[in-house]
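What follows is a single structure, written as structure tokens, with notes after it.
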Amino acid sequence: PNSIYNVSAWLASRYAGKVQAIEIWNEPNLEAFVAEVNPQKYVAVLGAAYRGIKAGNSAMKVVFAGTDRVAVWPGGSAVDDFY
């Protein structure tokens, strides 16, 4: 999670006035987008990115990632379990 802080700060600073918000990740409940589906780890990444974005541009909005509506893996937990 800490490695995303610097990138987020740079992005927020670089695109200030051009981008209104940054979404943190995409479908973090799908193995196709993360090495490990883990809500606690996503929250840690979200927190680090939030702090970086606010450091780079305090006015930039931070958007929680949208999740996919299907089970994480065949026979796995539904998206409700991710939340």
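The values are calculated or read from the model by the stated rules, or taken from the named source; none is laboratory data. Source: prediction; values computed, not measured. Virtual Cβ from ideal backbone geometry, glycine too; neighbours counted across all protein chains shown. Just the protein is used for accessible areas: all its heavy atoms, side chains included, with ligands, DNA and RNA removed. Shrake-Rupley method; radii C 1.70, N 1.55, O 1.52, S 1.80 Å.
Mind ranking 40-52, 24-36 by how tightly packed they are, going by the mean number of other C-beta atoms within 10 angstrom, highest first?
So the order, starting with the most tightly packed, is 40-52, 24-36.
Is the shape of region 1-76 best called rounded, prolate or oblate, per the rule: a/c under 1.5 gives rounded, else a/b larger than b/c gives prolate, else oblate, with a ≥ b ≥ c the square roots of the Cα gyration tensor eigenvalues?
Prolate, because a/c is 1.5 or more and a/b exceeds b/c.
Per DSSP H run of at least 4 residues, take -39500 (n - 2.57); add these up for the chain, divide by its residues and hand me the 222 nm value, nearest 500 deg cm²/dmol.
That comes out to -13000 deg cm²/dmol.
Using Cα atoms only, what is the angle between the long axis of helix 39-56 and the major principal axis of the chain, expressed in degrees (0 to 90) to the nearest 10?
So the inclination is approximately 10 degrees.
Could you do me a favour and compute the accessible area per residue for the chain, 1.4 Å probe, result in Å²?
64
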